Amino acid sequence: MDTNIERYIGLYYVIESRYGTQYVPQDVCGRVDIDQGIDDVYRALSPYIGVLYPDDIFEIDRGYGALYRWSAPGYTDCGEWSPESPDDDAAYDEAYGDEADDEDA
């Protein structure tokens with residue numbers, strides 16, 4: 001499988017929810033005023049996060065730095081952003097398991 005690591009450097013939003021922590025680059029969703037209330041922020045970010053209801057969100061914050069994600073043809077084209085650098089094979093194995101090795105064989 002032909003994979004690529006995308007890197008984004010800049011402002012991003014950190015969404016803490018009952019489903020875990022998600023990161024959304026500002027370039028993807030545009031500028032969101034996180035002080036305007038959880039319902040308005042949820043409406044602005046909902047297309048980019050896997051949260052079903054505003055009540056599921058615990059906290060939204062801003063961050064700055066590098067985010068990374070795996071990119072490959074097919075369903076892995078839109079992996080989740082993470083501040084962890086996936087430069088090593090352990091991160092790849094954790095994200096995709098042994099399925100990728102089986103496809104190469």
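Computed from the coordinates by the stated procedures, all read-outs in this text should not be read as laboratory data. A quick note: this is a predicted structure, and the numbers were derived from the prediction, not measured. FYI the Cβ positions are ideal-geometry reconstructions off the backbone, even for glycines, and counts take in every protein chain you see.
With the structure loaded, tell me whether P83 is touching a residue at least 12 places away in the same chain (Cβ under 8 Å), over 11 Å from the mean Cα position of the chain (by Cα) and loosely packed, with under 14 Cβ neighbours inside 10 Å or whether it fails that test. In short, no.
Looking only at region 17-76, residues that are of a type in the set (D, E, K, R) and within 21 Å of R7 (Cα to Cα) come to 5 in all.
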